[in-house]
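Working notes, beginning with the structure itself.
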Amino acid sequence: MPKAIYEGIYRDLKGKIQEGTYTYEDFLPTESELTAQYGCSRNTLRRAVSMLADDAYVQPMHGRGVRVIWQREGHSAQGSLSGVESFVEFARRNGLTPSTSVKSFEQVTCGSGLSRRTGFAEGVELLRIVRVRSLDGAARQVDHDYFLASAVTGLTPEIAEGSVYHFLESERHMRILTSKRRITVQLATDEDCSYMDLDPYNCVAVMENQSFNSEGVMFEYTQVRYHPDAFSYNLVSRR
């Protein structure tokens, strides 16, 4: 089945749901109507609808059709805990303009304390990067990144201002597969306050990520410290 066909249908239907062509609790047009509209087979359409269901945009109902269950949230940007997505991809998906300021870029040797914190082996060389990430000009998160130095050869501060994941996938030909996450709420530090306007909050949401490539190697540990106004993530659960 040509991937471009069902992904194109998925994106079109998803866009129509987000724009309000099909609203909450509406039923999508029938399968016959949609296959005629897109000029595709039933299997291709069902694959696209299955992707929408996986993202909790619709819910197929046996004998009744496919109902829209997506609702626009109050937050302007919505993340997802079920996938691995770069900051740039997240911003563009939400229709926002991303920008990044690199505050620190240095190579360090992983000591015992850093090893316990990150999961990297003691003694390995790491690239430590601190980045302030903004959405539509407002600082909304601070990333404290540690990358396995041998996995990111050629990475520069200029590249880090864009997308490190794009560099790794397009230039280093790395396949990024898995990320383990831990989410907490912590009191804001002086550093947090210096980078983000947190008033009236005294706390930040913190997400720690350990990311692995297709070889099963952990190439990244990141601690992301979020402005409370910007932290909104969705997770689809099924019984």
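Side notes on the structure shown:
- Shown for the chain: lysine pairs separated by 8 or more places, or found on different chains, whose C-alpha atoms are under 29 Å apart, numbering 5.
- Charge context of Met196, other residues only, Cβ under 11 angstrom, K/R +1, D/E -1: -2
- Paramagnetic label reach from Ala188 (point 7 Å along Cα→Cβ; backbone nitrogen cut-off under 19 Å): within segment 116-153, residues 131-144.
- FRET efficiency, 1/(1 + (r/R0)^6) with R0 45 Å, evaluated for Thr23 and Lys103 via beta carbons: 0.55
- The slack between Glu122 and Lys180, meaning 0.36 nm per residue of separation minus the straight C-alpha distance, is 18.9 nm.
- Among Ser32, Ser150, Ser101: highest mean-square fluctuation, GNM of the chain, C-alpha pairs under 10 Å: Ser32
- Sorting 129-135, 207-213 by their mean Cβ neighbour count within 10 Å, with the most densely packed peptide first, gives 129-135, 207-213.
- Once both labels are positioned 7 Å from their Cα atoms along Cα-to-Cβ, the gap between Ser232 and Glu215 label points is 4.0 nm.
- Extension gain, Gln71-Ser150: 0.36 nm per intervening residue step, less the Cα-Cα distance, totals 24.1 nm.
- Cβ-placed point charges (K, R +1; D, E -1), dipole of the chain about Cα centre in debye, nearest 20: 940
- Helix-only arithmetic for the chain: the sum of -39500 (n - 2.57) across DSSP H runs with n ≥ 4, divided by the residue total, places the mean residue ellipticity at 222 nm at -8000 deg cm²/dmol.
Rule-based calculations on the coordinates, nothing more; no lab input. Everything quoted here is computed from the prediction, not taken from an experiment. Neighbour counts run over all protein chains shown; Cβ positions are idealised from the backbone, glycine included.
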